[in-house]
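Asks: The structure follows.
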Amino acid sequence: MGTTTRAGGAHAADSHDLIRVHGARENNLKDVSVDLPKRRLTVFTGVSGSGKSSLVFATIAAESQRLINETYSAFVQGFMPTLSRPDVDHLDGLTTAIIVDQERMGANPRSTVGTATDANAMLRILFSRLGHPHLGPPTAFSFNVPTRKASGVMSTDKGGRVEKAIVKDVVYLGGMCPRCEGMGQVSDIDRTALYDDSLSLREGALTVPGYSMDGWYGRLFEGMGLPMDKPIASFTARQLDTMLYAPPTKIKVEGINLTFEGIIPKIQKSMLSKDPDAMQPHVRRFVERAVTFQTCPDCGGTRLTPEVLASKVHGKNIAELCSMQISDLAGWVRELDEPSVAPLLTGLRHLLDSFDEIGLGYLSLDRPAGTLSGGEAQRTKMIRHLGSSLTDVTYVFDEPTIGLHPHDIARMNQLLLQLRDKGNTVLVVEHKPEAIAIADHVVDLGPGAGSAGGTVCFEGTVEGLRSSDTTTGHHLDDRAVIKEAVRPASGVLEVRNASTHNLKQVDVDIPLGVLCVVTGVAGSGKSSLIHGSVAKREGVVVIDQGAIKGSRRSNPATYTGLLEPIRKAFAKANGVKPALFSSNSEGACPTCNGAGVIFTDLGIMATFESPCEECEGRRFQAAVLEFTLGGRNIADVLAMSVVEAEAFFGERTGEQYTPAAHKVLDRLTDVGLGYVSLGQPLTTLSGGERQRLKLASQMADKGDVYVLDEPTTGLHLADVANLLALLDRLVDAGRSVIVIEHHQAVMAHADWIVDLGPGAGHDGGRVVFEGTPAQLVADRSTLTGKHLAEYVGG
């Protein structure tokens, strides 16, 4: 028998009170070893790109998930994503990890807050039991299920024999409005925005993104018998109908079987089935120009059939309940006293109360999930864990205070402490001093970002961090200073009668030529005001929080458009085609197809990745690497850091001098990404680095007014100062900058503040203050004013 007690009478099981990490080398980590206490709240700090996410998400959480996946049978594992073992020598004491990240919720337009949290499912069951007149099963109340009718032979398998019955007009009830197919809006496509009828197809008449006559599309159109050299204005009615409306038709082009489909059905499938926010910018611009959306006249935007809308519980139909503010809906459900569905009501009350507890009571269940901010999406995912009976679980949070006003951060801290006090280990990646303050244990990574980071600079208590000689320690007690002199406005941007979402006929003048910060508690109407009334105007460039997506093949050079002038410069210097200098095109190494690595599929085991032996991970053919520009080949250039490349392409006396490339590199340096290498895959960049890469890319868009939605997301306290300097440079160059922000340092630096509130949802939607930061602090009449006064020590 094994010994169960140790000296002192302690049980052997109680000795497993640490998560031990030894020799972690994921991404930029340099043999990191840390011991993290279990059942405590540990906060990971450090500048953006220092290796926090690599340690917490890519090492600890990833290995926990991989080990859990391995407990399933080989058959089940075949249906699951294969996870490779993190690059670490030893991990000990892991528990089940639950990751609550900032990923925006699915951009499927059918997904709402209600469908994403099971609240809709509970309401559908409630109406199927109590709705009057009675309609049918829960699916009869779903806007994602169409009503189907069937006639014919129905076969049923019973005990090894098949029973057949003839059915006539059997109805399977669904709640989807047939006119808008459960989308709540119908679209109308403007044909004149699809093509220029004075041109022929070969001359580029089609203005739809992706339709180029140089490739397969040209051959497809020709294969359908459409005239390629006649102006579209002279097409016969049949030819025009084929081009615009043809159903999927199989044809043979040059011996290859292909499918031709008319332009309009193709647009409806590939573009209109997506959430506009998830589209690429050029596709979104096309959709805004060519497609008009209007509320469905049949269902009034509720997405449901008239029969569903007629079925009511206590005078309310399901659409009315879903459109209510969740805090009001919780009150309505509390008043329901129906013993027949008591367990269902208990679950629904708990779910709706959790929304309120987490600070999302201002949302409604019919709010499309794709319109939630990163912070709202993360808190929505948190809801299912609040009432969980699980303990001894590791919860991993990625900046849970994102999108929260200082007033709301205290509530979030309380929720994190609640999870810890239930006996869970809570690991949090965080930058905000208010959230770092509640930690039992702190791990600070750095000292710099990228290759200058990846080491543990400090481990211990918050007090110890404060007195440590680290970047985070130095900035932890930073307090912004209110500007003494603010810049005068050069004009105003008038907003009148704004009523998007919860706004109450707001009239406000936003000053131009200055740095204007729009603030207020979460849900007060900031984004509704700016995105609803300012963003769509001419000359306005919007830089939102949407995360940038990218595969292994995407890197800062491809994402920002920097590679284009570099390829042209190489081509010009060597008298060859630019396509040779792309690892995704003609210059790619034939062995690894330009990936730089060879992937070996091992079935249910993790896919093995090894550097390509032919190109040694450089991605290009050997012949391409013979061509040089300023003594460097294309692989050497992609291995350069932004700072090195900026000096290289800015050398006026050399053949490599490329003003277009230098301009992009300047912007990357401005946003503090000088250390990132040009060819580094986007998948290895941190959240803060991606946010700044996006900022640098979109700053190239020509505009007089820049709108930035929470640009401090993912930024360390030290990086916020660099961001403010960048915003100042934009304003000094004659631009107007409007920032939606909660960070007090940004508020203190503003020339003008517009504060919305006083509360969230229907308790907000009004302008409660307009003026300078100094006036806001002196006034202290709003929540923002009080918190800003505390922050600056006023």
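Asks: First measure r as the distance between the Cβ atoms of Arg632 and Glu203, then evaluate 1/(1 + (r/R0)^6) with R0 = 56 Å and state the FRET efficiency to the nearest 0.05.
Replies: On the way: r = 40 Å, r/R0 = 0.72.
FRET efficiency, Arg632 to Glu203: 0.90.
Asks: Lys and Arg at +1, Asp and Glu at -1: add these up for the other residues within a Cβ distance under 12 Å of Met224 and post the number. Provide the component values of the computation, followed by the final result.
Replies: Values: positive: Arg219, Arg238, Lys250, Lys252; negative: Glu222, Asp241, Glu261.
That sum, taken over residues with Cβ under 12 Å, equals +1.
Asks: Something else about it: Evaluate the distance, in nm, between pseudo-label points positioned 7 Å from the Cα of Leu386 and of Ser187 along their respective Cα→Cβ axes.
Replies: Placing both labels 7 Å beyond Cα along the Cβ direction yields 3.6 nm.
Asks: Let me ask something additional. With all protein chains present, calculate the accessible area of Thr391 using a 1.4 Å probe and round the result to the nearest 10 Å².
Replies: For Thr391, solvent-accessible area is about 70 Å².
Asks: Rounded, prolate or oblate, given the Cα gyration tensor of region 91-195, with a/c below 1.5 counting as rounded? Can you show the working numbers first?
Replies: On the way: a/c = 1.83, a/b = 1.19, b/c = 1.54.
In terms of gyration-tensor shape, oblate.
Asks: Just tell me which aspartates and glutamates come within less than 14 Å, Cα to Cα, of Lys149; anything on the same chain fewer than 8 places away is out.
Replies: Cα-Cα hits under 14 Å: Asp169.
Asks: Kindly list the residues of region 93-134 that lie in the label zone of Ser15, defined by a backbone N under 17 Å from the point 7 Å along the Cα-to-C-beta vector.
Replies: Flagged as within label range: 93-94.
Asks: Nearest 5 percent is fine: what portion of the DSSP beta bridges confined to the chain is antiparallel?
Replies: Percent antiparallel among DSSP bridges in the chain is about 65.
Asks: Label region 378-488 by shape, choosing from rounded, prolate and oblate, from the square roots a ≥ b ≥ c of the eigenvalues of the Cα gyration tensor; if a/c is under 1.5 it is rounded, and otherwise prolate applies when a/b is larger than b/c, oblate when it is not. Walk me through the numbers on the way to the answer.
Replies: Details: a/c = 2.14, a/b = 1.34, b/c = 1.60.
Oblate.
Asks: Then there's this: Which of the DSSP-defined H helices in the chain satisfy a minimum axial length of 20 Å, computed from C-alpha atoms, and a minimum mean Kyte-Doolittle hydropathy of 0.0? Could the numbers behind the result be given before it?
Replies: On the way: long enough: 342-357 (22 Å, 0.12); 406-421 (23 Å, -0.49); 717-732 (23 Å, 1.13).
In the chain, the long hydrophobic H runs are 342-357, 717-732.
Asks: Please give the Cα centre distance for region 360-416 versus region 149-208, rounded to the nearest Å.
Replies: 37 Å
Asks: How large is ³J(HN,Hα), in whole Hz, for each residue of region 702-711 in order, when computed from phi with the Karplus curve 6.51 cos²θ - 1.76 cosθ + 1.60 and θ = phi - 60°, using x for Gly and Pro?
Replies: 3J(HN,Hα) across region 702-711, in whole Hz: 6, x, 9, 10, 9, 10, 10, 9, 6, x.
Asks: In region 235-334, what percent of the accessible surface is made up of carbon and sulfur (1.4 Å probe, ligands and nucleic acids excluded)?
Replies: Whole-percent figure for carbon plus sulfur exposure: 51.
Asks: Pulled fully out, how much extra length does the chain show between Thr156 and Asp507, if you take 0.36 nm times their separation in residues and subtract their Cα-Cα distance? Display every interim value, and only then the final one.
Replies: Details: separation 351, 0.36 × 351 = 126.36 nm, distance 6.43 nm.
This chain segment gains 119.9 nm when fully extended.
Asks: If each of Lys702 and Glu320 carries a label point 7 Å out from its Cα toward its Cβ, how far apart are those two points in nm?
Replies: It works out to 5.3 nm between the two label points.
Asks: Sticking with this one: Compute the length gained on full extension between Arg479 and Ala437: take 0.36 nm times their separation in residues and subtract their Cα-Cα distance, giving the result in nm to one decimal.
Replies: Values: separation 42, 0.36 × 42 = 15.12 nm, distance 1.52 nm.
Stretched out fully, the Arg479 to Ala437 stretch lengthens by 13.6 nm.
Asks: Next question. Multiply the residue gap between Arg496 and Glu103 by 0.36 nm, knock off their C-alpha separation, and tell me the result in nm, one decimal place.
Replies: Working: separation 393, 0.36 × 393 = 141.48 nm, distance 3.39 nm.
Computed gain between Arg496 and Glu103 is 138.1 nm.
Asks: Strictly under 4.7 angstrom between C-beta atoms: which cysteines of the chain have no such partner?
Replies: That list is Cys322, Cys457, Cys516.
Asks: Let me ask something else. Distance from the Cα centre of region 13-69 to that of region 751-794, in angstrom?
Replies: 39 Å
Asks: Tell me which chymotrypsin sites (Phe, Trp or Tyr not before Pro) from region 47-145 have a DSSP coil assignment and no more than 14 other beta carbons within 10 Å of their own.
Replies: Of the chymotrypsin sites (Phe, Trp or Tyr not before Pro), the ones in loops of region 47-145 whose Cβ has at most 14 other Cβ atoms within 10 Å are Tyr72, Phe79.
Asks: Mind giving me the nanometre distance, one decimal, between the label points for Ile251 and Ala74, set 7 Å out from Cα along Cα→Cβ?
Replies: Once both label points are built, they end up 4.8 nm from each other.
Asks: Right, next: Quote the FRET efficiency, to the nearest 0.05, computed for Ala310 versus Trp332 with a Förster distance R0 of 25 Å and r equal to the Cβ-Cβ distance.
Replies: On the way: r = 19 Å, r/R0 = 0.76.
Calculated transfer efficiency: 0.85.
Asks: Please quote Rg/Rh for the chain to two decimal places, taking the Kirkwood radius as Rh and restricting both calculations to Cα atoms.
Replies: Details: Rg = 29.3 Å, Rh = 30.0 Å.
Reported Rg/Rh (Cα atoms, Kirkwood Rh): 0.98.
Asks: If you take the Cα Rg of region 661-794 and divide it by 2.2 N^0.38 Å, with N the number of residues, what do you get?
Replies: Normalised Rg, Cα atoms only: 1.19.
Asks: If you find the alpha carbon centre of region 266-328 and of region 474-502, how far apart are they in angstrom?
Replies: 34 Å
Asks: Can you bin region 607-696 into rounded, prolate or oblate? Criterion: square roots of the alpha carbon gyration tensor eigenvalues sorted a ≥ b ≥ c, rounded for a/c under 1.5, prolate for a/b above b/c, oblate for the rest. Working shown, then result.
Replies: Numbers: a/c = 3.14, a/b = 1.08, b/c = 2.90.
Taking the square roots of the gyration eigenvalues as a ≥ b ≥ c, region 607-696 is oblate.
Asks: Can you tally the net charge around Val518? Count Lys and Arg as +1, Asp and Glu as -1, for every other residue whose Cβ sits under 11 Å from the Cβ of Val518. Walk me through the numbers before you get to the answer.
Replies: Working: positive: Lys526; negative: Asp709, Glu710, Glu741, Asp755, Glu770.
Around Val518, the charge tally is -4.
Asks: Follow-up. What figure, in Å² to the nearest 10, do you get for the accessible area of Tyr706 with a 1.4 Å probe and non-protein molecules left out?
Replies: 0 Å²
Asks: Zone of Phe599 (label point 7 Å along Cα→Cβ, backbone N under 18 Å): which residues in region 672-694?
Replies: Label zone hits: 681-685.
Asks: Here is a follow-up. So which aspartates and glutamates can Lys694 reach, going by Cα to Cα under 18 Å and dropping same-chain residues fewer than 8 places off?
Replies: Glu103, Asp277, Asp544, Glu564, Asp666, Asp670, Asp709, Glu710, Asp719, Glu741
Asks: Ratio of region 1-154's C-alpha Rg to 2.2 N^0.38 Å, to two decimals?
Replies: Values: Rg = 24.2 Å, N = 154, 2.2 N^0.38 = 14.9 Å.
Normalised Rg, Cα atoms only: 1.62.
Asks: At most 16 other Cβ atoms within 10 Å and a DSSP loop assignment: could you name the trypsin sites (Lys or Arg not before Pro) in region 463-525 that fit?
Replies: Numbers: sites: Arg466, Arg479, Lys483, Arg496, Lys504; in loops: Arg479, Lys483, Lys504.
Filter output for region 463-525: Arg479, Lys483, Lys504.
The values are calculated or read from the model by the stated rules, or taken from the named source; none is laboratory data. This one's a predicted model, so the numbers in the text were calculated from it and none came from an experiment. Please note: Cβ atoms are built from the backbone with ideal geometry, for glycine as well, and neighbour counts cover all protein chains shown. What goes into the accessible areas is simple: the full protein's heavy atoms, side chains included, and nothing from ligands, DNA or RNA. Shrake-Rupley method; radii C 1.70, N 1.55, O 1.52, S 1.80 Å.
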